[in-house]
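Have a look at the structure below, then the notes.
Readers should treat all values here as calculations from the given coordinates under stated rules, not as data from a laboratory. Only a predicted model underlies this, so the values are computations on that prediction, with no experimental measurement involved. Cβ placement follows ideal geometry from the backbone for every residue including glycine, while neighbour counts extend to all protein chains displayed.
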Amino acid sequence: MSKIRVALAGVGNASSGLIQGIVYYTVNSTNEGLANQVLGGYTLADIEIVAAFDVDSRKVGKDISEAIIAPPNSFPSVVPVPNIGVKVDKGPTLDGISAPASESVEISTAADADVAKILKETNADMLVCLTPTGGVKACEFYAQASLDAGIGFVNCSPTPIASNRNWSIKFQKAGLPLVGDDLQSQAGGTVVHKGLLEVLANQGVNLMDTYQLDVSGGLEGLNTLDDERRIYKRRVKETSISRAVPYGINVTSGTTDYLEFLGNRRIGHFWIKGTTFMGQPLTIDIRMESLDGSNGGAVLVEVIRAMKIALKRVTAGPVISISAHCFKYPPVFTSRTEGQRWFTEFIKGERTN
Ligand SMILES: NC(=O)c1ccc[n+]([C@@H]2O[C@H](COP(=O)([O-])OP(=O)(O)OC[C@H]3O[C@@H](n4cnc5c(N)ncnc54)[C@H](O)[C@@H]3O)[C@@H](O)[C@H]2O)c1
């Protein structure tokens, strides 16, 4: 099996979770915490980072192993990452940094790299876009660079790329796979909320109102203090959660504040109201605490291996199954359970898309 050659746009907390996870599961022969130790014949040791782009002077020019633990990243150092031999290049900043996040990011004065050229020279299979929420131009720039380089594109940000018709057609015409949008964490607020609602609705509970509000201390939390970006992310999350129930209910979901002392932790509060048999009331109140970096890394190792399979099968345009299972705002929505089934069928070759 050939290695999976991955380029990263945005060396933030999710990239740190991904890279540390690759090292962790390569060094330790355990499957604890993993959805799949082997997926389509690939283990995590088959994932190779071949290029990376960021804008922060504390990351640009550094080996990725150093960049992932440079501030303002706050996902902890779980495992020592040896020198990878790949330096972070300077990507164009565009709208990547929101006004609130500009207090924490130090923009590098290095010249912008020729991203498409580097993607070609490094023989990357795919570019994983991990630029901040609301950085629409930044995300679109990396999608275009992937097309120019003739490689697959994974959009983890909420910018509509896989769910956007024009971008989908561009990738389809180029014969390249595309997945997204907005990564769905392994044990994050959205997937847990959807799972709870799905089970309750299937049990015949009449669901009425629900919220899931969180606070976080990561850079992404600071970024979403920007009103426009917060509202944008909320819409994506609320749409994703609403689709878990086959009828209309009141859903509110999103980040409410940034608390630096939380580091990379995210604390979510879930509340669900409905009625059960004979109209009897049901209220559920849950508190959940998790880390964004590892939560993202866990799903990225699934997406990257599944994308390699899509590339090998020359899947063109948005890959419906990978997107439905691993992202909050896919081109085609389905239930959480069916999304998982589509994903498994795609990996086994029982589905073409
Ligand atoms: N659990 C998760 O990690 C998770 C879950 C769902 C969605 N996402 C999405 O993934 C993305 C990354 O999340 P994160 O927590 O790693 O964010 P982060 O804020 O920790 O990292 C973002 C990185 O992008 C860099 N950046 C900004 N503009 C750039 C540009 N123009 N070019 C290259 N780099 C640029 C920043 O300097 C920073 O290093 C976000 O869009 C987020 O919404 C992550």
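Do any strands (runs of 3 or more DSSP E) lying entirely in the stretch 41-139 carry at least 1 residues that are surrounded by fewer than 18 Cβ atoms within 10 Å (Cβ to Cβ), and which ones are they? Break it down stepwise before answering.
Numbers: elements: 47-54, 88-90, 126-129.
Where strands (runs of 3 or more DSSP E) fall fully within the stretch 41-139 and carry at least 1 residues being surrounded by fewer than 18 Cβ atoms within 10 Å (Cβ to Cβ), they are 47-54.
Being within 9 Å of the ligand (Cβ to nearest atom) and either within 21 Å of residue 303 (Cβ to Cβ) or under 19 Å from the mean Cα position of the chain (by Cα) (or both) is true for just one of 45, 9, 35. Which residue is that?
On the way: 45 fails: within 9 Å of the ligand (Cβ to nearest atom); 35 fails: within 9 Å of the ligand (Cβ to nearest atom).
Criteria check complete, one pass: 9.
When you look at residue 30, is it in a helix (DSSP H, G or I) and away from the ligand (no atom under 15 Å from the Cβ), yes or no?
no
Could you please find all residues in the stretch 254-273 being over 21 Å from residue 100 (Cα atoms) and crowded, with 21+ Cβ neighbours inside 10 Å?
Of all residues in the stretch 254-273, those over 21 Å from residue 100 (Cα atoms) come to 268-273.
Hits for the stretch 254-273 are 268, 272.
Give me the pairs, please: first residue somewhere in the stretch 338-353 and farther than 16 Å from residue 311 by Cα, second residue anywhere and buried (at least 17 other Cβ atoms within 10 Å of the Cβ) and not polar (S, T, N, Q), beta-carbon distance under 8 Å, and either six or more positions apart or on two chains.
Pairs found: 338/324; 339/324; 339/325; 339/330; 340/325; 342/320; 342/324; 342/325.
Quick check: anything in the stretch 165-177 within 17 Å of the chain's Cα centre (by Cα), more than 16 Å from the ligand (Cβ to nearest atom) and either assigned to a helix (DSSP H, G or I) or not basic (Lys, Arg) (or both)? Please lay out each step first, then the result.
As a first pass, look at the stretch 165-177 and keep what is within 17 Å of the chain's Cα centre (by Cα): 177.
Now narrow it down to the ones that are more than 16 Å from the ligand (Cβ to nearest atom): 177.
Imposing the further condition that a residue be either assigned to a helix (DSSP H, G or I) or not basic (Lys, Arg) (or both) reduces the set to 177.
Taking every residue of the stretch 165-177 in turn, at least one turns out to be within 17 Å of the chain's Cα centre (by Cα), more than 16 Å from the ligand (Cβ to nearest atom) and either assigned to a helix (DSSP H, G or I) or not basic (Lys, Arg) (or both).
Within the stretch 278-298, count every residue that is of a type in the set (A, V, I, L, M), within 16 Å of the ligand (Cβ to nearest atom) and within 17 Å of residue 193 (Cα to Cα).
We begin by selecting, within the stretch 278-298, every residue of a type in the set (A, V, I, L, M); these are 278, 282, 284, 286, 288, 291, 298.
So of that shortlist, the ones also within 16 Å of the ligand (Cβ to nearest atom) come out as 288, 291, 298.
If we keep only those that are within 17 Å of residue 193 (Cα to Cα) as well, we get 288, 291.
Matching residues across the stretch 278-298 total 2.
Select, from 255, 275, the only residue that is within 14 Å of the ligand (Cβ to nearest atom) and among the hydroxyl-bearing types (Ser, Thr, Tyr). Let's see the steps before the verdict.
Details: 275 fails: within 14 Å of the ligand (Cβ to nearest atom).
The conditions single out 255.
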